[in-house]
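Q: Below are the structure tokens for one structure; questions will follow.
Since every read-out is calculated from the coordinates, none of them should be taken as a lab result. Everything quoted here is computed from the prediction, not taken from an experiment. Quick reminder, even Gly has a Cβ in these numbers, built from the backbone with ideal geometry, and neighbours come from all protein chains shown.
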Amino acid sequence: MYCVRKVTDDIYWVGGNDRRLMCFEGVYDVPRGVSYNSYLLLDEKTVLFDTVDKAVAEVFFENVEHVLAGRTLDYVVVHHMEPDHSATLCELVRRYPDVKIVCNSKMVTMIKQYFTFDIDSHAVVVDEGGTFSSGKHSFTFINAPMVHWPEVMFTYDAAAKILFSADAFGMFGALDGALFADEVDFERDHLDEARRYYTNIVGKYGLQVINALKKAAAFDIQMVCPLHGYVWRKNIGWFIDKYMKWASYEPEEKGVVIAYSSVYGHTANAADTLACLLGEQGVKTVVYDVSVTAESYIISDIFKYSHVVFAATTYNMGVFIKMENLLHDLVEHGIQNRSTALIENGTWAPQSGRLMKELLSSCKGFRFLNEKFTLKSSMKEEQMGDLKALADTIAQTVKNE
Ligand code: FEO
């Protein structure tokens with residue numbers, strides 16, 4: 001059965017929700033599911049904005065057919081060729097053989113790579129600043145390379161003052177009936193999943209995100225329609241401000257993430273002791289065991305907070321693998337501008353402090369607050385003074401930065 005919502009008088013959400021997906025992109029767990037958004041405009045011409053992942057193909061095609069109500073589909077605008085949005089494009093062409101595909105030249109190449117249908121006979125190739133009209137609505141296309149792939153573009157609809165923003169302003173989480181961000185308590189219930197989505201999916205491309213947002217800022221935007229998650233029609237500036245912070249690698253809040261790996265609990269004990277010392281000084285602190293919590297959540301919080309402490313045991317003369325993976329992932333996501341401290345552990349030859357610092361050496365703007373705090377197997381009473389001194393340094397910089 002169809003499952004649609006009205007966005008405006010003549011634009012409908014015709015996407016779908018997947019709550020069975022184990023891992024988005026094969027990497028990120030999505031315990032609250034994910035939505036694949038698609039929007040259908042009924043103007044003098046009918047225009048679909050993007051297709052959906054194949055997991056929700058059945059309801060998507062029912063939705064499109066229901067909203068079209070016997071009309072044909074004239075155009076589909078493709079904003080992003082990643083298959084979570086384009087996997088059903090070929091089937092769309094099979095069902096609506098006269099449809100024109102509005103896309104840029106990079107997309108034509110990708111469509112040929114993914115599919116075998118004759119894209120050249122369907123394509124209406126547009127480029128940066130190109131325009132197109134469906135009747136009452138006219139559209140301007142804005143290239144947004146690397147938000148999150150090189151072919152990505154946004155569309156601005158001048159009649160509805162809508163920015164179709166591709167992955168930008170998306171989030172993890174299915175749409176549970178609500179379509180607009182102002183229909184839910186977004187900050188309380190969804191901001192964390194929006195941050196986890198942004199930082200892990202697009203976090204590497206902060207500069208490109210800022211460039212795309214600057215270009216979009218030239219338009220009078222009253223609504224943002226992303227490819228995942230809620231549509232924004234109120235308080236858009238608040239969410240754009242979050243994006244600008246994430247994209248410029250500025251922390252949202254003062255506070256400390258302590259991420260530890262601990263084989264037998266002794267490094268965990270030092271991490272908890274440090275957290276207590278920080279807590280006594282009123283410093284907001286969150287502690288993660290990297291063997292238990294998926295990297296995407298920890299990376300998201302490292303983007304959120306100003307400080308991060310890494311505490312890891314030495315393993316096979318290297319950094320314990322779960323911590324090594326986290327640090328590699330963090331470096332790959334381009335994190336910058338954090339104050340950090342290191343705690344290492346080793347029973348006979350502690351190495352993890354030096355190796356963690358090496359792994360983080362390519363992060364721009366990382367300020368190391370200590371060389372390393374070394375545990376030999378376990379924390380001892382005589383080390384408490386040094387740990388307190390480290391906590392004092394962290395607390396002072398949290399308060400002063
Ligand atoms: Fe939602 Fe980059 O695809």
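Q: Tally the DSSP beta bridges in the chain and give the antiparallel ones as a percent, rounded to 5.
A: Of all bridge pairs located within the chain, approximately 45 percent are antiparallel.
Q: Taking θ as phi - 60°, what are the ³J(HN,Hα) couplings along region 353-363 by the Karplus curve (6.51, -1.76, 1.60), each to the nearest whole Hz, with x for Gly and Pro?
A: x, 4, 5, 5, 5, 4, 4, 8, 5, 8, 6
Q: Classify region 281-371 as rounded, prolate or oblate, taking a ≥ b ≥ c as the square roots of the eigenvalues of its Cα gyration tensor: rounded when a/c is under 1.5, otherwise prolate if a/b is larger than b/c and oblate if not.
A: It comes out rounded by the Cα gyration axes.
Q: I need the Debye-formula profile for region 149-302: one equal scatterer per C-alpha, no solvent, reported as log10 I(q)/I(0) at q = 0.10, 0.11, 0.13, 0.14 1/Å, two decimals.
A: So the normalised log intensities are -0.44, -0.52, -0.69, -0.77.
Q: Are any of the pairs Lys242/Lys364; Lys364/Lys399; Lys112/Lys215; Lys242/Lys322; Lys6/Lys161 more than 19 Å apart by Cα-Cα distance, and if so, which?
A: Among Lys242/Lys364; Lys364/Lys399; Lys112/Lys215; Lys242/Lys322; Lys6/Lys161, the Cα-Cα distance tops 19 Å for Lys242/Lys364; Lys364/Lys399; Lys112/Lys215; Lys242/Lys322.
Q: Another question about this same structure. Just from its helices, what would the mean residue ellipticity at 222 nm be for the chain, if runs of 4 or more DSSP H residues each count -39500 (n - 2.57) and the sum is divided by every residue, rounded to the nearest 500 deg cm²/dmol?
A: -9500 deg cm²/dmol, from helical runs alone.
Q: Debye sum, Cα scatterers, region 101-237, no solvent: what log₁₀ I/I(0) at q = 0.09, 0.10, 0.21 1/Å?
A: -0.29, -0.36, -1.32
Q: When the Karplus curve 6.51 cos²θ - 1.76 cosθ + 1.60 is applied with θ = phi - 60°, which whole-Hz ³J(HN,Hα) does each residue of region 69-76 get, with x for Gly and Pro?
A: Listing the rounded values in order: 6, x, 6, 8, 9, 8, 9, 10 Hz.
Q: I'd like the FRET efficiency for Asn400 and Gln336, computed as 1/(1 + (r/R0)^6) with the beta carbon distance as r and R0 of 25 Å, rounded to 0.05.
A: 0.80
Q: For the chain, modelled as a Gaussian network with Cα springs under 10 Å, which listed residue fluctuates most, Asp176, Asp301, Asp18?
A: Asp176
Q: Related question: Based solely on C-alpha atoms, express the radius of gyration and the Dmax of region 151-191 in angstrom.
A: Over region 151-191's Cα set, Rg and Dmax evaluate to 12.5, 33 Å.
Q: Here is a follow-up. If you wrap a convex hull around the Cα atoms of region 116-195, how much volume per residue is inside, in Å³?
A: Cα-based convex hull of region 116-195, divided per residue, equals 160 Å³.
Q: May I ask for the angle, rounded to the nearest 10°, between helix 236-247 and the longest principal axis of the chain, with both axes built from Cα atoms and the value confined to 0 to 90°?
A: 50
Q: Something else about it: Quick one: 3J(HN,Hα) in Hz for region 163-175, Karplus 6.51/-1.76/1.60 with θ = phi - 60°, rounded, Gly and Pro as x.
A: Listing the rounded values in order: 9, 8, 10, 6, 5, 4, 6, x, 6, 7, x, 6, 8 Hz.
Q: Take peptides 355-366, 252-263 and line them up by average Cβ neighbours within 10 Å, highest first, as a rough protection proxy.
A: Order by mean packing, descending: 252-263, 355-366.
Q: Ok, one more. Let me check I have the definition right: for the chain, take the eigenvalues of the Cα gyration tensor, multiply each by 5, take square roots. What are those semi-axes in whole Å, largest first?
A: Ellipsoid semi-axes (Å, largest first): 46, 20, 18.
Q: Post the alpha-carbon centroid distance, region 292-310 to region 15-54, in whole angstrom.
A: Region 292-310 and region 15-54 have Cα centres separated by 27 Å.
Q: Please work out the ratio of the alpha-carbon Rg of region 109-148 to 2.2 N^0.38 Å and round it to two decimals.
A: 1.44
Q: Here's something else I'd like to know. I need the trypsin sites (Lys or Arg not before Pro) found in region 262-346, filtered to DSSP loop residues with at most 12 other beta carbons within 10 Å of theirs.
A: Answer by residue number: there is no such site.
Q: Rounded to the nearest Å, what's the spacing between the alpha carbon centres of region 343-401 and region 206-246? Just the number, please.
A: 38
Q: Just the number: Rg to Rh for region 20-109, Cα atoms, Kirkwood Rh, two decimals.
A: 0.99
Q: P(r) for region 286-329: what percent of alpha-carbon pairs falls in each 5 Å bin, starting at zero?
A: For region 286-329, the pair-distance distribution reads 5, 22, 34, 24, 11, 4, 1.
Q: Hey, can you grab everything whose amide H is under 5 Å from the amide H of Val308? Only 5+ residues off in sequence or another chain; H modelled, so Pro and N-termini drop out.
A: Val257, Ser339, Thr340, Ala341
Q: Sticking with this one: Looking at region 171-204, which trypsin sites (Lys or Arg not before Pro) are in a loop (DSSP not H, G, I, E or B) and have at most 10 other Cβ atoms within 10 Å?
A: Sites meeting the loop and neighbour criteria: none at all.
Q: Fewest first, what order do Leu41, Leu327, Leu191 take by the number of other Cβ atoms within 10 Å?
A: Leu191, Leu327, Leu41
Q: Can you tell me how much longer the chain between Leu369 and Lys254 gets when fully stretched, taken as 0.36 nm per residue apart minus their C-alpha distance, in nm with one decimal?
A: Taking 0.36 nm per residue and subtracting the Cα distance, the gain is 39.8 nm.
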